[in-house]
Amino acid sequence: MAVATQAHSTSKMFDEFMNEVISGNPNEPEFHQAVREVAESVMPFIEAHPVYWKERILQRIVEPEQVVMFRVAWVDDSGAVRVNRGYRIQMNSALGPYKGGLRFHPTVNLSILKFLAFEQVFKNSLTGLPLGAGKGGSNFDPKGKSDREVMHFCQSFMTELYRHVGPMTDVPAGDIGVGTREIGYMFGQYKRIRKEFSGVLTGKGLGWGGSHIRPEATGYGNVYFVEQMLLRRGDGLGGKIVTVSGSGNVAQYTVEKLIERGAKCVTLSDSGGFIYDPDGLNEEKLEFVKWLKNEKRGRIAEYAEKFGCQYYAGKRPWAIPCHIAMPSATQNELDGEDAQQLVRNGCYCVSEGANMPCTPEAIDVFRQAKILFGPGKAANAGGVAVSGLEMSQNAGHTVWTREQVDRQLQAIMKSVHDTCCLYGTKSDGWVDYVDGANIGGFVRVANAMLAQGVV
Ligand code: NDP
């Protein structure tokens, strides 16, 4: 197609685009990081298909359709008034209602939520389900708060958020600091205000509109993705040593599936440090972790005391030798030096359970070493995929069995993997899953945007 922009070289287009993003979104380093990674993959593809440049598709994708920021005032157990900030980023609705989690963590700010919402566009597209993209949350810290305080906060948060969400508009889920407890309190408040029992949130309890396998979905899905990557080279999980970071929802169910598959998970972490258990976690130890983190809300150091293994305060687990690493805590938790150490120690597969846990320098190391690297927007797509299945069940007033949901999750993860291979296989047969996920995710949403006109 003859368009004026054809004269642009990829690097000129890239520079022009990134300069606009940086100057238009100052002081948002995480957002710039996420956009840069996608643009590096997608720009050569756009150059080969200039209609996307002419219609300014990528420029439109980086601009949220709407950003809502609001005050969340609430009263703590001592009677003191507390004030937090709430957010919802409605990033892209070309493929369906906005969909993405809510994060409650003191580090939450606009940059972090915009990076997460941006990643969600590509992730949700890769699932093949009718899901737009969004993200939200608050700088509220649930740690150290009583159940009552968490409830009061959630109710105040939803008292504003309810205006902006709904089963056909925007369907939030959980993320860091938001589990079934928080979803329950927010769902209760939405129902009270709207007089409506609907699928406005996913991650609900099984007895009141939730789906089987939703809590497990992100962790299980990442293990299914790793299995697909290994299978392609005739390999499997049995007997593999795996390092996992985090000890929350994603980490717990990653470990559960790894144990089931005969792999040995030797580490877990939280913001205080990590534990190294050379014997590996088993079902009993994992039950303790679930109780410790979900009921007692304690620290991972207590695992080391209980099971007599090493605890490394203030450290991350990437120096421990392993075959496979699955970072599942938070963004930028694995840097270039960690990556070099992993590769030196013989690690040949890294799969991101968290969103953007590997820094750009770390990803460069993995790509140069041509090891298997599953980027989060593909590898952790299982969570939002089962959220999509929860929406379908809610809309159809039905409940599918655990086996039905798990089968669909496995099929979706295989399809995400196959899409990555389709767009990411290089001439020597090595799959660049970063390119594959970015381009594969881009194509579907970009074509929907083209079809829907300039909006
Ligand atoms: P949880 O709140 O259940 O667990 C988070 C874990 O990460 C905790 O162990 C926490 O430790 C640790 N952590 C959080 N912040 C930091 C930090 N700044 N430094 C070190 N450790 C930290 O969250 P999830 O398991 O749900 O989420 C983990 C990651 O997975 C996030 O990146 C999230 O965006 C991503 N993700 C989650 C999905 C889901 O379905 N839940 C779906 C897709 C991606 P501590 O207890 O000390 O805070």
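The values are calculated or read from the model by the stated rules, or taken from the named source; none is laboratory data. Keep in mind the model is a prediction, meaning the values are calculated, not measured. Glycine gets a Cβ as well: all are built from the backbone with ideal geometry, and neighbour counts include every protein chain shown. For the accessible areas, the whole protein counts, side chains as well, though only heavy atoms, and no ligand, DNA or RNA atoms are used. Shrake-Rupley method; radii C 1.70, N 1.55, O 1.52, S 1.80 Å.
For the reader, a short list of remarks on this structure follows.
- Selection count, segment 312-321, where residues are open to solvent by 10 Å² or more (accessible area, probe 1.4 Å) and either out of contact with any helix residue (DSSP H, G or I) (no Cβ under 8 Å at 6 or more places or on another chain) or away from the ligand (no atom under 13 Å from the Cβ) (or both): 6
- Residues of segment 262-290 that are open to solvent by 10 Å² or more (accessible area, probe 1.4 Å), touching a helix residue (DSSP H, G or I) at 6+ places or on another chain (Cβ under 7 Å), part of a loop (DSSP other than H, G, I, E, B) and more than 12 Å from the ligand (Cβ to nearest atom): LEU281, ASN282.
- Residues that are assigned to a helix (DSSP H, G or I), touching a residue at least 60 places away in the same chain (Cβ under 8 Å), within 16 Å of the ligand (Cβ to nearest atom) and of a type outside the set (Phe, Trp, Tyr), drawn from segment 131-184: GLU182
- Matching entry among ALA354, ALA325 (being within 18 Å of the chain's Cα centre (by Cα), part of a loop (DSSP other than H, G, I, E, B) and in contact (Cβ under 8 Å) with a residue 60 or more places away in the chain): ALA354
- Only listed residue being away from the ligand (no atom under 16 Å from the Cβ), out of contact with any Cys (no Cβ under 6 Å at 6 or more places or on another chain) and open to solvent by 10 Å² or more (accessible area, probe 1.4 Å), chosen from VAL365, VAL384: VAL365
- Every residue from segment 223-237 that is more than 16 Å from the ligand (Cβ to nearest atom) and not small (Gly, Ala, Ser): GLU227, GLN228, MET229, LEU230, LEU231, ARG232, ARG233, ASP235, LEU237
Matching residues to (1) away from the ligand (no atom under 16 Å from the Cβ); (2) open to solvent by 50 Å² or more (accessible area, probe 1.4 Å):
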| site | (1), (2) |
| --- | --- |
| GLU337 | yes, yes |
| VAL343 | yes, no |
| VAL405 | no, no |
| VAL416 | no, no |
| LYS426 | yes, yes |
| TRP430 | yes, no |
| GLY440 | yes, no |
| ALA446 | yes, no |
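- Enumerated helices (runs of 4 or more DSSP H) restricted to segment 1-77, each holding at least 1 residues that are at pLDDT below 95 and of a type in the set (Gly, Ala, Ser): 10-24
- Condition check for TYR220: without any contact (Cβ under 8 Å) to a residue 60 or more places away in the chain, within 17 Å of the chain's Cα centre (by Cα) and within 16 Å of the ligand (Cβ to nearest atom): no
- Looking at LYS257, LYS293, just one residue is more than 12 Å from the ligand (Cβ to nearest atom), in contact (Cβ under 8 Å) with a residue 40 or more places away in the chain, in a helix (DSSP H, G or I) and surrounded by 13 or more Cβ atoms within 10 Å (Cβ to Cβ), and that residue is LYS257.
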